[in-house]
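Asks: Would you mind keeping the following structure in view while I ask a few things?
The values are calculated or read from the model by the stated rules, or taken from the named source; none is laboratory data. Everything quoted here is computed from the prediction, not taken from an experiment. All Cβ positions, even for glycine, are placed from backbone atoms using ideal geometry, and neighbour counts span all protein chains on display. For the accessible areas, the whole protein counts, side chains as well, though only heavy atoms, and no ligand, DNA or RNA atoms are used. Shrake-Rupley method; radii C 1.70, N 1.55, O 1.52, S 1.80 Å.
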Amino acid sequence: MNTEQFTEMLAAKGIALSPQQLQQYDTYYSTLVEWNKKMNLTAITEKEDVYLKHFYDSISAAFYFDFNQPLKVCDVGAGAGFPSIPIKIAFPGLHITIVDSLNKRIGFLEHLAKKLELDNVRFIHDRAETFGQNKEYRESFDVVTARAVARLSVLSELCLPLAKTGGTFVAMKGASAKEELDAGKKAISVLGGKLVDSHTFTLPEEESERNILIIKKEKSTPKKYPRKPGTPNKTPIE
(Lines give C-alpha, C1' and ligand atoms only; values in the text may rest on other atoms or scores of the structure.)
Protein backbone atom coordinates (compact mmCIF):
# COMPACT_ATOMS: atom_id res chain seq x y z
CA MET A 1 0.00 0.00 0.00
CA ASN A 2 1.66 3.20 -1.14
CA THR A 3 0.98 6.60 0.46
CA GLU A 4 -1.55 7.55 -2.18
CA GLN A 5 -3.54 4.32 -1.72
CA PHE A 6 -3.32 4.76 2.07
CA THR A 7 -4.76 8.29 1.79
CA GLU A 8 -7.50 7.30 -0.65
CA MET A 9 -8.62 4.22 1.27
CA LEU A 10 -8.88 6.16 4.53
CA ALA A 11 -10.73 9.00 2.75
CA ALA A 12 -13.22 6.39 1.50
CA LYS A 13 -13.87 5.57 5.18
CA GLY A 14 -14.40 9.27 6.01
CA ILE A 15 -10.92 9.84 7.47
CA ALA A 16 -9.31 12.80 5.68
CA LEU A 17 -5.59 13.34 6.29
CA SER A 18 -3.85 16.71 5.98
CA PRO A 19 -0.35 17.11 4.45
CA GLN A 20 0.98 17.52 8.00
CA GLN A 21 -0.56 14.21 9.10
CA LEU A 22 0.85 12.44 6.03
CA GLN A 23 4.26 13.86 6.93
CA GLN A 24 3.85 12.46 10.45
CA TYR A 25 3.22 8.96 9.07
CA ASP A 26 6.29 9.33 6.86
CA THR A 27 8.41 10.40 9.86
CA TYR A 28 6.96 7.53 11.88
CA TYR A 29 8.02 5.09 9.18
CA SER A 30 11.60 6.41 8.87
CA THR A 31 12.04 6.56 12.68
CA LEU A 32 10.72 3.00 13.07
CA VAL A 33 13.14 1.65 10.44
CA GLU A 34 16.08 3.59 11.88
CA TRP A 35 15.49 2.35 15.44
CA ASN A 36 14.71 -1.17 14.24
CA LYS A 37 18.38 -1.53 13.27
CA LYS A 38 19.40 -1.36 16.93
CA MET A 39 16.43 -3.02 18.64
CA ASN A 40 13.70 -5.46 17.61
CA LEU A 41 10.55 -3.37 17.02
CA THR A 42 9.05 -5.02 13.94
CA ALA A 43 9.77 -7.74 11.39
CA ILE A 44 7.91 -5.62 8.82
CA THR A 45 10.17 -2.93 7.36
CA GLU A 46 9.22 -2.40 3.70
CA LYS A 47 7.43 0.93 3.41
CA GLU A 48 4.33 -0.36 1.61
CA ASP A 49 4.03 -3.21 4.15
CA VAL A 50 4.34 -0.86 7.14
CA TYR A 51 1.64 1.40 5.72
CA LEU A 52 -0.70 -1.55 5.18
CA LYS A 53 0.03 -3.93 8.06
CA HIS A 54 0.82 -1.38 10.77
CA PHE A 55 -0.66 2.03 9.91
CA TYR A 56 -3.83 1.14 7.98
CA ASP A 57 -4.45 -1.96 10.10
CA SER A 58 -4.17 0.10 13.31
CA ILE A 59 -6.51 2.83 12.05
CA SER A 60 -9.09 0.21 11.02
CA ALA A 61 -10.39 0.29 14.62
CA ALA A 62 -11.73 3.76 13.77
CA PHE A 63 -13.92 2.31 10.99
CA TYR A 64 -16.13 0.84 13.72
CA PHE A 65 -15.58 3.11 16.73
CA ASP A 66 -15.78 6.92 16.86
CA PHE A 67 -12.42 8.38 17.90
CA ASN A 68 -13.46 11.87 16.82
CA GLN A 69 -13.72 13.16 20.39
CA PRO A 70 -11.21 13.95 23.19
CA LEU A 71 -11.24 10.44 24.67
CA LYS A 72 -8.78 9.08 27.22
CA VAL A 73 -7.35 5.98 25.52
CA CYS A 74 -5.07 3.33 27.01
CA ASP A 75 -3.14 1.02 24.68
CA VAL A 76 -1.95 -2.16 26.38
CA GLY A 77 1.29 -3.74 25.11
CA ALA A 78 1.58 -1.36 22.15
CA GLY A 79 5.13 -2.41 21.23
CA ALA A 80 6.23 0.07 18.58
CA GLY A 81 3.05 2.13 19.08
CA PHE A 82 0.35 0.06 17.38
CA PRO A 83 -2.56 0.72 17.22
CA SER A 84 -2.64 3.91 19.29
CA ILE A 85 -0.03 6.14 17.62
CA PRO A 86 -1.40 5.76 14.06
CA ILE A 87 -4.88 6.43 15.52
CA LYS A 88 -3.58 9.47 17.46
CA ILE A 89 -2.07 10.97 14.28
CA ALA A 90 -5.42 10.60 12.49
CA PHE A 91 -7.39 11.88 15.52
CA PRO A 92 -5.14 14.46 17.27
CA GLY A 93 -7.71 15.26 19.99
CA LEU A 94 -7.18 11.92 21.75
CA HIS A 95 -5.31 11.60 25.06
CA ILE A 96 -3.16 8.48 24.76
CA THR A 97 -1.50 6.39 27.47
CA ILE A 98 0.65 3.45 26.39
CA VAL A 99 1.74 0.82 28.88
CA ASP A 100 4.50 -1.58 27.85
CA SER A 101 6.68 -3.97 29.85
CA LEU A 102 9.90 -3.29 27.92
CA ASN A 103 11.72 -0.09 28.85
CA LYS A 104 13.64 0.05 25.56
CA ARG A 105 10.35 0.27 23.66
CA ILE A 106 9.21 3.08 25.96
CA GLY A 107 12.45 4.90 25.03
CA PHE A 108 11.61 4.52 21.35
CA LEU A 109 8.04 5.79 21.87
CA GLU A 110 9.22 8.85 23.81
CA HIS A 111 11.67 9.69 21.01
CA LEU A 112 8.96 9.09 18.39
CA ALA A 113 6.43 11.36 20.16
CA LYS A 114 8.98 14.20 20.18
CA LYS A 115 9.76 13.70 16.48
CA LEU A 116 6.05 13.66 15.62
CA GLU A 117 5.33 16.62 17.94
CA LEU A 118 2.46 14.75 19.58
CA ASP A 119 0.73 16.25 22.61
CA ASN A 120 -1.34 14.49 25.27
CA VAL A 121 0.64 11.24 25.08
CA ARG A 122 2.33 9.41 27.93
CA PHE A 123 4.29 6.20 28.06
CA ILE A 124 4.48 4.01 31.14
CA HIS A 125 6.92 1.18 31.74
CA ASP A 126 4.94 -1.47 33.63
CA ARG A 127 3.36 -4.89 33.38
CA ALA A 128 -0.31 -4.62 32.45
CA GLU A 129 -1.25 -6.72 35.51
CA THR A 130 0.42 -4.26 37.92
CA PHE A 131 -0.76 -1.23 35.99
CA GLY A 132 -4.37 -2.44 36.21
CA GLN A 133 -4.14 -2.47 40.01
CA ASN A 134 -2.71 1.08 40.16
CA LYS A 135 -5.43 3.29 41.69
CA GLU A 136 -4.33 6.25 39.57
CA TYR A 137 -5.17 4.43 36.32
CA ARG A 138 -7.62 1.66 37.20
CA GLU A 139 -11.10 2.22 35.71
CA SER A 140 -10.08 5.67 34.44
CA PHE A 141 -10.05 5.28 30.63
CA ASP A 142 -12.86 5.88 28.13
CA VAL A 143 -11.32 3.37 25.72
CA VAL A 144 -8.78 0.57 26.11
CA THR A 145 -7.23 -0.91 22.97
CA ALA A 146 -4.96 -3.85 22.24
CA ARG A 147 -3.82 -5.42 19.01
CA ALA A 148 -2.90 -9.11 18.92
CA VAL A 149 -1.26 -9.06 22.37
CA ALA A 150 -2.73 -12.28 23.81
CA ARG A 151 -5.81 -14.47 23.41
CA LEU A 152 -9.05 -12.75 24.36
CA SER A 153 -9.61 -14.46 27.74
CA VAL A 154 -6.16 -13.22 28.87
CA LEU A 155 -6.41 -9.85 27.14
CA SER A 156 -9.75 -9.08 28.80
CA GLU A 157 -8.15 -9.45 32.23
CA LEU A 158 -5.39 -7.01 31.24
CA CYS A 159 -7.67 -4.44 29.57
CA LEU A 160 -11.14 -4.38 31.15
CA PRO A 161 -9.91 -3.34 34.65
CA LEU A 162 -8.54 -0.14 33.03
CA ALA A 163 -11.81 0.87 31.33
CA LYS A 164 -14.21 3.04 33.31
CA THR A 165 -17.78 1.81 33.78
CA GLY A 166 -19.54 2.84 30.58
CA GLY A 167 -16.21 2.77 28.72
CA THR A 168 -15.19 0.48 25.87
CA PHE A 169 -12.57 -2.19 25.24
CA VAL A 170 -11.72 -2.35 21.52
CA ALA A 171 -9.94 -5.66 20.81
CA MET A 172 -8.24 -6.06 17.42
CA LYS A 173 -8.00 -9.68 16.36
CA GLY A 174 -7.09 -11.87 13.41
CA ALA A 175 -8.84 -14.95 12.00
CA SER A 176 -9.04 -16.75 15.37
CA ALA A 177 -11.51 -14.20 16.83
CA LYS A 178 -14.54 -16.50 16.85
CA GLU A 179 -12.79 -19.30 18.79
CA GLU A 180 -11.24 -16.72 21.13
CA LEU A 181 -14.66 -15.20 21.76
CA ASP A 182 -16.15 -18.59 22.59
CA ALA A 183 -13.33 -19.24 25.08
CA GLY A 184 -13.35 -15.64 26.39
CA LYS A 185 -17.07 -15.16 27.12
CA LYS A 186 -16.71 -16.09 30.79
CA ALA A 187 -13.75 -13.73 31.31
CA ILE A 188 -15.53 -10.81 29.65
CA SER A 189 -18.57 -11.30 31.88
CA VAL A 190 -16.61 -11.84 35.14
CA LEU A 191 -14.58 -8.68 34.48
CA GLY A 192 -17.68 -6.53 33.95
CA GLY A 193 -17.79 -6.45 30.16
CA LYS A 194 -20.30 -7.33 27.47
CA LEU A 195 -19.66 -7.87 23.77
CA VAL A 196 -21.88 -5.34 21.97
CA ASP A 197 -20.54 -5.64 18.43
CA SER A 198 -18.05 -7.54 16.29
CA HIS A 199 -16.93 -6.55 12.82
CA THR A 200 -15.09 -8.73 10.31
CA PHE A 201 -13.26 -7.33 7.32
CA THR A 202 -10.42 -8.24 5.00
CA LEU A 203 -7.16 -6.31 5.04
CA PRO A 204 -6.69 -4.94 1.49
CA GLU A 205 -4.05 -6.49 -0.81
CA GLU A 206 -3.03 -9.12 1.73
CA GLU A 207 -6.62 -10.47 1.94
CA SER A 208 -6.24 -11.64 5.54
CA GLU A 209 -9.14 -11.63 7.98
CA ARG A 210 -9.39 -8.97 10.67
CA ASN A 211 -11.91 -8.65 13.49
CA ILE A 212 -12.74 -5.64 15.64
CA LEU A 213 -14.54 -6.58 18.85
CA ILE A 214 -16.39 -3.83 20.72
CA ILE A 215 -16.79 -4.75 24.39
CA LYS A 216 -18.72 -2.40 26.69
CA LYS A 217 -17.72 -2.10 30.35
CA GLU A 218 -21.10 -2.49 32.08
CA LYS A 219 -20.04 -2.85 35.68
CA SER A 220 -16.96 -2.39 37.85
CA THR A 221 -14.27 -5.10 37.68
CA PRO A 222 -13.87 -7.15 40.91
CA LYS A 223 -10.85 -5.88 42.88
CA LYS A 224 -8.89 -9.12 42.61
CA TYR A 225 -8.43 -8.62 38.83
CA PRO A 226 -6.01 -8.38 37.20
CA ARG A 227 -4.18 -11.05 39.14
CA LYS A 228 -0.42 -10.96 39.67
CA PRO A 229 1.95 -10.87 36.65
CA GLY A 230 1.95 -14.09 34.64
CA THR A 231 -1.17 -15.55 36.28
CA PRO A 232 -3.72 -14.47 33.62
CA ASN A 233 -1.65 -16.23 30.96
CA LYS A 234 -1.02 -19.38 33.02
CA THR A 235 -4.57 -19.79 34.33
CA PRO A 236 -6.98 -17.73 32.17
CA ILE A 237 -10.59 -17.22 33.24
CA GLU A 238 -12.20 -19.76 30.92
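Asks: Test of understanding: extend the Cα→C-beta vector of Glu207 to 7 Å, then name every residue of the stretch 1-40 with backbone N under 18 Å from that spot.
Replies: 1
Asks: Report the rotationally averaged projected area of the stretch 13-83 based on its alpha-carbon convex hull, in square nanometres.
Replies: Hull-based average projected area comes out at 5.5 nm².
Asks: Only helical DSSP H runs with n ≥ 4 go in: add -39500 (n - 2.57) per run for the chain, normalise by residue count and round the 222 nm mean residue ellipticity to 500 deg cm²/dmol.
Replies: Helix-only estimate at 222 nm: -10000 deg cm²/dmol.
Asks: For the chain, calculate the relative contact order in percent as a whole number, restricting contacts to Cα pairs under 8 Å that are 6 or more residues apart.
Replies: Computed over the chain, the figure is 16 percent.
Asks: If you put +1 on each Lys and Arg Cβ and -1 on each Asp and Glu Cβ, how big is the dipole of the chain around its Cα centre, in Debye rounded to 20?
Replies: 1280 debye
Asks: Where the accessible area of the stretch 64-234 is counted over protein heavy atoms with a 1.4 Å probe, how much of it, in %, is carbon and sulfur? Each step should come with its number before you reach the end.
Replies: Details: 3580 of 7290 Å².
Roughly 49 percent, rounded to a whole number.
Asks: A further question follows. Which of the lysines could a cross-linker bridge to Lys185, judged by Cα under 18 Å and excluding same-chain residues fewer than eight apart?
Replies: Counting by Cα, and skipping residues close in sequence, Lys185 has these lysines nearby: Lys173, Lys194, Lys216, Lys217, Lys219, Lys234.
Asks: Given H placed on each backbone N at 1.01 Å, which residues far from Glu139 in sequence or on other chains put an amide H within less than 5 Å of it?
Replies: Here the answer is Leu162, Ala163, since their amide H atoms fall under 5 Å of that of Glu139.
Asks: Rounded to the nearest whole Å², what accessible area per residue is found for the stretch 35-84 with the 1.4 Å probe? Numbers along the way, then the final one.
Replies: Working: 1970 Å² over 50 residues.
Each residue of the stretch 35-84 exposes 39 Å² on average to a 1.4 Å probe.
Asks: Please determine, in degrees from 0 to 90 and to the nearest 10, the orientation of helix 103-116 with respect to the longest principal axis defined by the Cα atoms of the chain, where the helix direction is its Cα long axis.
Replies: 50 degrees
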